[in-house]
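Asks: Pasting in a structure now, in structure tokens, and then I'll have a few things to ask.
The values are calculated or read from the model by the stated rules, or taken from the named source; none is laboratory data. In this text the structure is predicted, and so the values were computed from the model without any measurement. Neighbour counts run over all protein chains shown; Cβ positions are idealised from the backbone, glycine included.
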Amino acid sequence: MTEKLNPESSDIPSEDSGSGPAKAAAAKKTTTPRKTAAKKAATPRKTTAAKKTTTARKATTAAKKAPAKRATAATRATKAAEAAEATATVATAAEAVKTTQEPATAETAPASKPADATPGTTAETTADKAPRDAVVTSLTKEPAGDADGAGSGSGGTPRIAKEDGDAAEPIRAIPVRHYGRYVSGALVLAFLVWLVSAFAGGNVNWNTVGDYITDGNIIAGAGRTLMISVVSMLIGLVLGVVLAVMRMSKNPVTGGVSWLFIWVFRGTPVYVQLLLWYSLALIFPIFEIPFIYKDEMTDVMTPLVVALLGLGLNEGAYMAEIVRAGIQSVDEGQTEAAHALGMTQAQTMRRVVLPQAMRVIIPPTGNEFINLLKTSSLVAVVSYPDLLRSAQIISGRTYAVMEMLFVASFWYLALTSIFSVGQYYLERRYARGSLRDLPQTPWQKVKANLSTLRRPEVAR
């Protein structure tokens, strides 16, 4: 008997049974297996497509690299051919050297080729190959040195390797000939010989020169020349420092006075200045210092005072420019640093600026002193008995004019030479902080010049 199924009691869930969340959970469970299956089905397709794309890219890259590989292979082949050609050239040169060194009549006959040598190839025996290898080695390698330490690489005599059993032959170095030096030296020597012969054959009594060169009046005149030169240089140096500081001052009055002094004394000759000082009595007949001193100008302006004033004031104008150039050569940072330490302007100038400026001031100052030593001969015009005036007095008595001029010239040369050497060593001392290598002394220069006269040793 068939039973009727009650829909409410049936185990099969109806579409209307259950709440909303239960329906969503059931739908999700049903959809998840379907998505998983779809992914599994699509994955092989993607993998296959990626593999195909990678294969295509590799093929394209290989196609692009193929010409480069072929070019590289061609380049290697070209280099190999060039290397083979260079080797053949070296071998040819070695054979040429060997042929040149071998005597015209050889004692032994060259080794014959083996019978089994194939056409187009050259078979060499050990006797033929050894000399060529020695020559090639000597041409391609730099010798490290001989048994005695000589070698081209170590400063010794370069040598050429010969055949086995023979000593190495040194290369003979031929010095360069400087014919222009020989010609110019010969011309200078010829001129000196002509000059000496002219003086020797002239109307000059050299015995008189020898007699008066140590005369008491001449030596006293040389001493007075040296004295007025040193004192005038001191006056000029002190006056030059003062004028240089005044010229660099921000005060227009002091700067103008300094400029006017320099302009006047540098623009007029020393000879004229000496005559003006000597004739100053025409303008100021009386020399007077109120409440202290009063006298006639002719008694004040003696030849010595005229010489010192004329030379000293003129030298002060030149020294002012030299000192000013030396001060300006010092960096401004030195002055600023001294002011930052609390130094006054005078302390900065005395302790910082001037010591550094001496390196620039010393060389031209030495030249100025040597020039002043020669310029002092002009004081003879005011009858001061210096070296030249003493020589003139003797020549007026003995009528040996040329002889006395030679005597005066000898003493001027002696004085300037002595002070030139002193100037050199003074410059060398002040150059210690600015030069890496100090200049050579006169004796070092003489030794260096003598060493250059030696003929360089040549390997024979």
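Asks: Out of all the residues in segment 335-347, is one or more touching a helix residue (DSSP H, G or I) at 6+ places or on another chain (Cβ under 6 Å), in a helix (DSSP H, G or I) and crowded, with 17+ Cβ neighbours inside 10 Å?
Replies: yes
Asks: Could you list all residues from segment 373-431 that are over 19 Å from T208 (Cα atoms), aromatic (F, W, Y) and surrounded by fewer than 14 Cβ atoms within 10 Å (Cβ to Cβ)?
Replies: Across segment 373-431, the qualifying residue is only Y425.
Asks: Give me a count of the residues in segment 271-302 that are in contact with a helix residue (DSSP H, G or I) (Cβ under 8 Å, 6 or more places away or on another chain), exposed (fewer than 15 other Cβ atoms within 10 Å of the Cβ) and part of a loop (DSSP other than H, G, I, E, B).
Replies: Result for segment 271-302: 2.
Asks: Which one of these is part of a helix (DSSP H, G or I), modelled with pLDDT of 90 or more and β-branched (V, I, T): V379, V360? Steps first, answer last, please.
Replies: Numbers: V360 fails: modelled with pLDDT of 90 or more.
When all the criteria are applied, what remains is V379.
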